[in-house]
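Since every read-out is calculated from the coordinates, none of them should be taken as a lab result. Note that this is a predicted model, so its numbers are computed, not measured. Heads up, the Cβs are rebuilt from the backbone with ideal geometry, glycines too, and the neighbour counts pull from every protein chain shown.
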Amino acid sequence: MKHHAIVCRCEDITEQDVIDAIHQGYTDLEELRRKLRIGMGPCQGRVCISLVKKILEKETGKKVSVESYPTSRPPVIPISLGALAKKTRGENETKS
Amino acid sequence: MKRKADVVIIGGGVNGVATAYALAKAGLDVVVLEKNYLSSGATGKCGAGIRQQWSTAENTELAIRSVQMFEHLSSDLGMDIEFRQGGYLIINHSEKELRQSEENVEMQKRLGLNVRLLDISEILSIVPVLDLKGIKAVGATFCPTDGHANPFLTTFAYANAARKHGATISTHTTVTGIKTKDQHVTSVKTSKGTIHTSWVVDAAGVYSKDIAKMVGIKTPNKPYRKEVLATERLQSMFEAMVISFTDGIYFSQQQEGQIVGGIPIPHEQIGLYKTPTFSFLRHMSQTLTRYVPLLRHVNMLRHWTGFYDVTPDARPILGEDRTVKGFIHCHGFSGHGFMLSPMVSKLLTEYIAYEKTSPILDRLNLDRFEGSNLTQEHSVVG
């Protein structure tokens, strides 16, 4: 049976894609992330990582520890480069 | 866990697994030890660029020959590594930089590189979104065969191919000691047991210094925290990597559409500091939007920290140690390990498997730091 449910909405990754990668030998959440780009989109893993963890546990029969969760990267929500580049009050134009 | 191997490689980054692949293909019994997961160090954090435009002949030659290998690496390894040749555009901002560029281009051409100086009017035909006035460009150099590849997939492709040739790759395995006898490597102690071997390759990135210390070798490498940011995906706007030695910035648009780039962190200190900084974000977004003003409206999704393993001359340390026999240095890449990995792994394999040395290995040996005449690599960004 093919598992067509979308696991990662940002990168369009299905449950089957995750299962296939696990069977190819990517049995670490970090390696799965680097192989499939799960958690690298705008949601930063909030939607997909716990689902991928469950699939990984089911396929390997091994418990996945919370410590092996991929690193959370700042910022928490997407932010425009323009907003980040803006000078704050009192900041000298030449300082940057 | 295996108890015996011809070669033990410490470090599951791209240089470790590439060397494992080449050695296993040559028929040697290889074990790779990685304390975390594959590509967990500098390889997985890098900016993904592949550049041949350097100021020193050794780096240029290593890079030219690496690109020749990158060109057919996907088919050699049986997995797409997303190698793309969109070129590197190096912006010059002053007469002094132009003169240095002329010198570099002359040396690079002598080594056979397809590279040329661009005048100001040609720059926009390569990267149309640049604000030439805002960045005070006076010229540029361009090499169309430079490019980038996916560092994760490259590492996985090398690792998978190495396993097919019989190599053992052991992740989540920490090296705790290396034994020698009569100044020759005899075994490696790990968290999962001891492996007897007469060759050790130190490809442990910023931790290579600690590995070398286990056999009493002092290396001059220092870790520098570097940061990279990635934006949301956009329609393709340009294919070249844009870099500037004056501003220290580099950025490119990846195959999936996101802009990825970095710049030196203001007031940076040497050391293993892992937290990403806001000062990088400010400096990078201000500089990047000065280069490409329309990016003001684009969201950045994430930024992360990685390390450059930097040597005093910004060139790698390669080859067998002069005092501890069987100990191979493969570190100190100073931010350029990914792009040089195909050729580095080839040279080290020729040395270990076929006892063949090369002028590059000789010139990049650790013993060069004993002399006073270091040749500095100047073309460094990030």
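At a 4.7 angstrom Cβ threshold, list every cysteine in the protein assembly as shown that has nobody to pair with, or say none.
For the protein assembly as shown, the answer is A:C10, A:C43, B:C46, B:C143, B:C330, because their Cβ atoms have no other cysteine Cβ under 4.7 Å.
Take peptide A:72-80, look around each residue's Cβ out to 10 angstrom, count Cβ atoms belonging to other protein chains, and average those counts.
6
To the nearest 500 deg cm²/dmol, what mean residue ellipticity at 222 nm is calculated for chain B from DSSP H runs of n ≥ 4 alone, each contributing -39,500 (n - 2.57), summed and divided by the residues?
After summing the helix terms and dividing by the residues of chain B, the value is -9000 deg cm²/dmol.
Connecting C-alpha atoms closer than 10 Å in a GNM of chain B, tell me which of B:P223, B:P312, B:P266 has the biggest fluctuation.
B:P266
Quick one: Cα centre-to-centre distance for segment B:168-213 and segment B:219-293, in angstrom?
Going from one Cα centre to the other spans 34 Å.
How shielded is B:152-159 by partner chains, expressed as the average number of their Cβ atoms within 10 Å of its Cβ atoms?
So the per-residue partner count for this stretch is 2.
For a protection proxy built on the mean count of beta-carbon atoms within 10 angstrom, sort A:14-21, B:303-310 highest first, please.
Output ranking for A:14-21, B:303-310: B:303-310, A:14-21.
So how far, in whole Å, is the C-alpha centre of segment A:1-50 from the one of segment B:59-109?
If you average the Cα positions of each part, the centres end up 33 Å apart.
Mind checking which lysines have their C-alpha under 21 Å from B:K109, skipping anything on the same chain fewer than 8 residues away?
Counting by Cα, and skipping residues close in sequence, B:K109 has these lysines nearby: B:K96.
List the lysines whose Cα sits under 17 Å from the Cα of A:K86, skipping any in the same chain fewer than 8 residues away.
Leaving aside lysines fewer than 8 places away in the same chain, those within reach of A:K86 are A:K95.
Trypsin sites (Lys or Arg not before Pro) within segment A:17-64: which are DSSP loop residues with at most 10 other Cβ atoms inside 10 Å?
Within segment A:17-64, the qualifying trypsin sites (Lys or Arg not before Pro) (loop, at most 10 other Cβ atoms within 10 Å) are A:K62, A:K63.
Find, among the GluC sites (Glu not before Pro) in segment B:101-171, those assigned to loop by DSSP (not H, G, I, E, B) with at most 11 other beta-carbon atoms within 10 angstrom.
Hits after loop and neighbour filter: nothing returned.
Along segment B:34-49, what does the Karplus equation 6.51 cos²θ - 1.76 cosθ + 1.60 (θ = phi - 60°) give for ³J(HN,Hα), rounded to whole Hz, x for Gly and Pro?
10, 6, 10, 10, 4, 6, 6, x, 4, 4, x, 9, 7, x, 6, x
Count neighbours as other Cβ atoms within 10 Å of each site's Cβ, and list the GluC sites (Glu not before Pro) in segment B:283-382 that are DSSP loop with at most 15 such neighbours.
Of the GluC sites (Glu not before Pro), the ones in loops of segment B:283-382 whose Cβ has at most 15 other Cβ atoms within 10 Å are B:E355.
Could you point to the residue in B:Y273, B:Y21, B:V228 farthest towards the positive end of chain B's charge dipole, with +1 and -1 charges on the Cβ of Lys/Arg and Asp/Glu respectively?
Positive-most Cα among the choices belongs to B:Y273.
Could you work out how far apart the two model spin labels at A:R89 and B:Y273 are, taking each label as a point 7 Å from the Cα in the direction of the beta carbon, and quote it in nm?
Spacing of the two 7 Å Cα→Cβ label points: 2.8 nm.
Hey, can you grab everything whose amide H is under 5 Å from the amide H of B:L89? Only 5+ residues off in sequence or another chain; H modelled, so Pro and N-termini drop out.
Sorted by chain and number, the residues that satisfy this are B:M241, B:V242, B:I243.
Step through the table entries B:K189/B:K346; A:K53/B:K35; B:K274/B:K325; B:K218/B:K356, compare each Cα-Cα distance with 30 Å, and write down the pairs that go over it.
Over 30 Å apart, Cα to Cα: B:K274/B:K325.
Place the peptides B:65-73, B:155-163 in order of packing, highest mean first, counting for every residue the other Cβ atoms within 10 Å and averaging per peptide.
B:155-163, B:65-73
Where the centre of each part is set by its Cα atoms, how far does segment B:9-31 sit from segment B:337-366, in angstrom?
Taking the Cα centre of segment B:337-366 as reference, the centre of segment B:9-31 is 13 Å away.
Across every pair of different alpha-carbon atoms, what Kirkwood hydrodynamic radius in Å does chain B reach?
Evaluated on chain B, it is 21.1 Å.
Evaluate the relative contact order of chain A (contact order divided by residue number), counting alpha-carbon pairs under 8 angstrom at least 6 apart; express in whole percent.
23 percent
Quickly estimate the mean residue ellipticity at 222 nm for chain A, helices only: each DSSP H run with n ≥ 4 gives -39500 (n - 2.57), and the total goes over all residues, rounded to 500.
Here the helix-only value at 222 nm equals -10000 deg cm²/dmol.
At a Cα cut-off below 16 Å, give the aspartates and glutamates reachable from A:K2, other chains included and same-chain residues fewer than 8 away excluded.
Cα-Cα hits under 16 Å: A:D12, A:E15, A:D17, A:D20, A:E59.
By what distance, in whole Å, do the Cα atoms of chain A stretch along each of the three principal axes, largest value first?
61, 27, 18
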